[in-house]
Amino acid sequence: KEAARAASMSRVGTKAGRVVRLIRLIRLIRLIKLYRKGAYQEKQKTEAPGLDWDDDEDEAQLENESAVSKKLTEMTTRRVILLVLLIMLALPFFQGTIYIVKLPSTAQFGLNNLYRIWRDGLALYEPIENSTQREAYLVSKEREVYIDDFYAFVYFHNPHCRSEEVPETAVQSPLSSFSKIFWLGTTSPSRTAGVTGSANDKYETLTQFFLPSFGNIPAYDLNAKWNGKNWGYYQCNLTSNPRALLDLAWSESTSCIRDQFQGVSLLGEEGTICPEEIRWQERAIFFPTAVGAEEWEDIYWMLVFDRRDGSKFEAALNIGQTLFICLLLGIGAVTFSNDANKYVLQPIERMIANVDKIRNNPLAAMTIGDGESRKAESQAKKSLARQSKSSISAFSMDEITKGRQSLSEGSGIRMRLQLLMEPLGRLCCKKTEKTSSDPDSMETVVLEKTIIKIGSLLALGFGEAGAEIIAQNMKGDNASNLNTMVPGRNVDAIFGLCNLKNFTEITETLKDEVMVFVNRVTIIVHGVINEYFGSTNHNIGGAFLLAWRLSGYPPKKRTKLADMAIVSLSKLMAHIGKSPQLSEYRSHAKLTKRLPNYRVRLGLSLHSGWAIEGAIGSEFKIDASYLSPSVIVASRLEASTRHYNVTIVYSDTVHDLLSDRMASQGRQIDVVRIAQSPTKHKLYTLDLDDFALEVKSGHTHVHKDRLRARLEIRKRKAERWTDEFVMADLFDRDQDIMKMRSKFHDEFFGKFHMAYLNYEAGEWEVAKPMLEDTRFLLSTEDGPSAAIVRYMEELGWQVPEDWQGWRDLPADW
């Protein structure tokens, strides 16, 4: 009884050991997860300015888990493990076998019965006393019964039974059990203690009667009698010669287990000889329990059963149990934390991720909003598709009434089925209103979307120049106070000024309608400049400050940005000239009266240099802007467009950044010194005639699908940012630019270039007739030619004595 309880407790310990191994496995999985997170590195790439959007694959990337999520996941996993561990440890205590010994097995019962038959026969005949009694016992009925029962016991647990031998009519066989007898032996306390003498001699004498040797008893075919051919329990043949296994002299037996036991193996010489040759968990040992104390001192038996097949099966079951527990733990942890993850942790982690993105790059807030809009649109489409698939058309009441009448009159099967499906369709397709449990109405989701909107508004309000203000305040300490006095930073950039000409007269004429007018122009200016990687800063009235940041980019990319600046001004002229909304002002009664032949015209300039980027203001109001003489020079250059009667003027600081092909598109028109700049600058213009463009037919509306439009713009921007895309090619394939350039031919450029070289060299007498020629060589007057002629005329056509090919830019321009 104590041994049985010890065995039960050992099984509990085995289960506890499995739980410990399971916990180690879970820890290993967590370590692997942490290793993958640590080893993961996001691919770094050179992104274009204003092109910081997230790919769809970003959601598949490993994200840093928030502290709240880590804590909740750890607590949930710990509790699930403790729960499963407690269940596994407690379950055995609710089984009766731990308190009461279970019903003896067939092996134990058969062994007790066989031992008592053997002992009773020995007690009756006492064969150890003399040879006469020995011979009487060996031919007695008791010995014959013992031999029959011995073989019946062995055949019942036949180790040589094979599945192919078992007939289909058999109900059971030794294969129904995993335990099969393979070794039978004896020992005694004196033998195990190594004692010699009379006690050991008695043991040696008794062992002569242990094996079922027939002796003088008539033998028979063991397989024929005991294989159970016609029985429900088929016992199989005990090899082809079963007597060779057990009908032996005791001297032929083998000593095993450190010579303390002696017996025979039923597996033969090619099988396992002794019990110690197989592991303890693969064998089952039985001793007779129906034995007295004196009998135990003489001799006791030991039968060993082979459990290797059962051990393999149990190992497979243990593996399955471990996997099941792992699955149970995983499902339990996921189930317990799913709601918290869905409604609390995931929104918080997304908020943290979005705040980190805005902290690192405040301008990314716009792309985050676009990404969320794209997800919402995709989810809406999927939901609509599911509803359309599951929807069932409903019938009108007239159709149902007619159908019921037809049904009563024995109409067709189709109408019957439709009438049966109609109530089901109403039931399954009934629309339900959103409840408070809907994810979209959760406070965390609302807060998440609010953060994105606030970030987008900050990006719109501060622009690229104010990105540092947002970043510095978000990267600060845990204090909630706002620090507006963030130091500026020195940046290199191309600065431009876009100014609406005649803005004062337009404002006085349109009055309150001027806001609509300015916003129409603003939409075009912002859209075109952004599409070519520029940014619009603040505007004062009809003037816009433009910037293409160069800091942080290699020379090759700086050249591309400079080319884009030139192309963006060209496309800006085209969009303004073709806009149906702006063309309406050409026939505006008040404007045409105040400004005859009015059309929207811009003054555009570019200049490259350094600037201090930062915030200007106080705790009451701040504005993000650029402070630099370069910005003032760009403003002066825009003012010079009126003097030269051109739309675009840019300095040599921009011209030197351009690619060779793009630089060849410009025309040098003067060399001037500006009061705010100590150096002299060559001035260039890009000759474009926006009068050559036709207004788009119809009325332009705001794109309904703004998200799709922005995604298309980003796609075009990504294509233009590649090294394979050449911006100068647009002058040969863009229809708008080609039309605006069509009237400027090579003869004009050649003559003006020669005239300008003479003007610059001080040969004004030679330059004068040539400039008079180029002034009216085109269909309209050439502004730069007229400006140079007026300047020479003001000086009486006399070259100044200190002339070096440049002049001061007048302050009143």
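I'd like the accessible area for Leu500: 1.4 Å probe, protein heavy atoms, all chains in place, Å² to the nearest 10.
Estimated to the nearest 10 Å², Leu500 gives 0 Å².
Under a 1.4 angstrom probe, counting protein chains only, how are Arg601, Arg119 ranked by accessible area, largest first? Could the numbers behind the result be given before it?
Working: Arg601 70, Arg119 25 Å².
The ordering from most to least exposed comes out as Arg601, Arg119.
Taking a probe of 1.4 Å, how large is the accessible area per residue of the stretch 532-605, in Å²?
On the way: 2700 Å² over 74 residues.
Heavy-atom accessible area per residue stands at 36 Å².
Please calculate the 1.4 Å probe accessible area of Leu757, with all protein chains present, and give it to the nearest 10 Å².
So the heavy atoms of Leu757 present about 80 Å² to solvent.
What ranking, highest mean first, results for peptides 322-330, 639-647 when packing means the other Cβ atoms within 10 Å averaged over each residue? Numbers along the way, then the final one.
Working: 322-330: 14.3, 639-647: 20.2.
Highest mean packing first, the order is 639-647, 322-330.
Using the Cβ atoms and a cut-off under 13 Å, what net charge is assigned to the surroundings of Asn645, where Lys and Arg are +1 and Asp and Glu are -1? Walk me through the intermediate numbers first.
Numbers: positive: Lys501, Arg601, Arg642, Arg775, Arg790; negative: Asp670, Asp687, Asp689, Glu781, Asp782.
Value of the local net charge: 0.
Could you list, bin by bin from short to long, the percent of Cα-Cα pairs of the stretch 739-813 in 10 Å steps?
Whole-percent P(r) values from 0 Å outward: 18, 49, 26, 6, 0.
Sum up the charges of everything whose Cβ sits under 9 Å from the Cβ of Ser785, counting Lys and Arg as +1 and Asp and Glu as -1, but leave Ser785 out.
Numbers: positive: Arg775; negative: Glu772, Asp773, Glu781, Asp782.
Summing Lys and Arg as +1 and Asp and Glu as -1 gives -3.
Run the 1.4 Å probe and let me know the accessible area of Lys375, rounded to the nearest 10 Å².
That residue has around 80 Å² of solvent-accessible surface.
Using only the heavy atoms of the protein chains and a 1.4 Å probe, how would Thr536, Thr774 rank by accessible area, largest first?
Values: Thr536 35, Thr774 0 Å².
Reading off the accessible areas and sorting them downward yields Thr536, Thr774.
Over the Cα atoms of the stretch 521-588, compute the convex hull volume and normalise it per residue, giving Å³.
Hull volume normalised by residue count: 78 Å³.
Probe radius 1.4 Å, ligands and nucleic acids ignored: give me the carbon and sulfur share of the accessible area of the stretch 118-196 as a rounded percent.
Working: 1890 of 3770 Å².
Roughly 50 percent of what the probe reaches on the stretch 118-196 is carbon or sulfur.
For each pair in Lys381/Lys578; Lys180/Lys225; Lys70/Lys357, compute the distance between the two Cα atoms and list the pairs where it is over 27 Å.
Values: Lys381/Lys578 36 Å; Lys180/Lys225 20 Å; Lys70/Lys357 21 Å.
With Cα atoms farther than 27 Å apart: Lys381/Lys578.
For Leu184, what is the net charge nearby, where nearby means another residue's Cβ is under 14 Å from its Cβ and Lys, Arg count +1, Asp, Glu -1? The partial results should precede the final answer.
Details: positive: Lys180, Arg283; negative: Asp149, Asp247, Glu252, Asp306.
Counting the neighbours of Leu184, the net charge comes to -2.
Taking all protein chains together and a probe of 1.4 Å, list Thr504, Thr722 from the most accessible to the least accessible. Before the final figure, lay out each step's value.
On the way: Thr504 85, Thr722 55 Å².
Listed by decreasing accessible area, they come as Thr504, Thr722.
Rule-of-thumb check for the stretch 658-813: C-alpha Rg over 2.2 N^0.38 Å?
On the way: Rg = 20.4 Å, N = 156, 2.2 N^0.38 = 15.0 Å.
Here the answer is 1.36, to two decimals.
I need the phi-derived Karplus couplings for the stretch 593-605: 6.51 cos²θ - 1.76 cosθ + 1.60, θ = phi - 60°, integer Hz, Gly and Pro marked x.
With the stated coefficients, the stretch 593-605 comes to 6, 6, 10, x, 6, 6, 8, 5, 10, 10, x, 10, 9 Hz.
Could you give each residue of the stretch 799-807 its phi-based ³J(HN,Hα) in whole Hz, using Karplus coefficients 6.51, -1.76, 1.60 with θ = phi - 60°, and x for Gly or Pro?
In residue order, the calculated couplings are 6, x, 5, 9, 5, 10, x, 9, 9 Hz.
Find, among the trypsin sites (Lys or Arg not before Pro) in the stretch 143-215, those assigned to loop by DSSP (not H, G, I, E, B) with at most 15 other beta-carbon atoms within 10 angstrom.
Numbers: sites: Arg143, Arg162, Lys180, Arg191, Lys202; in loops: Arg162.
Counting only loop positions with at most 15 other Cβ atoms within 10 Å, the trypsin sites (Lys or Arg not before Pro) in the stretch 143-215 are Arg162.
Rounded to two decimal places and with Rh computed the Kirkwood way over Cα pairs, what is Rg over Rh for the stretch 701-774? Walk me through the numbers before you get to the answer.
Working: Rg = 21.0 Å, Rh = 16.3 Å.
Rg/Rh for the stretch 701-774 comes to 1.29.
How much of the accessible area of the stretch 679-813, in percent, comes from carbon and sulfur atoms when a 1.4 Å probe is used?
Numbers: 3940 of 7900 Å².
In the stretch 679-813, the share of accessible area belonging to carbon and sulfur is 50 percent.
Check Ile181: other-chain or 5+ apart residues with amide H under 5 Å from its amide H, H built from backbone geometry?
Those lying under 5 Å, H to H, from Ile181 are Asp306.
The values are calculated or read from the model by the stated rules, or taken from the named source; none is laboratory data. Since we're looking at a predicted model, the values are computed, not measured. Positions of Cβ are backbone-derived with ideal geometry, glycine not excepted, and every protein chain shown enters the neighbour counts. Heads up: the accessible areas ignore ligands, DNA and RNA and are worked out on the full protein's heavy atoms, side chains in. Shrake-Rupley method; radii C 1.70, N 1.55, O 1.52, S 1.80 Å.
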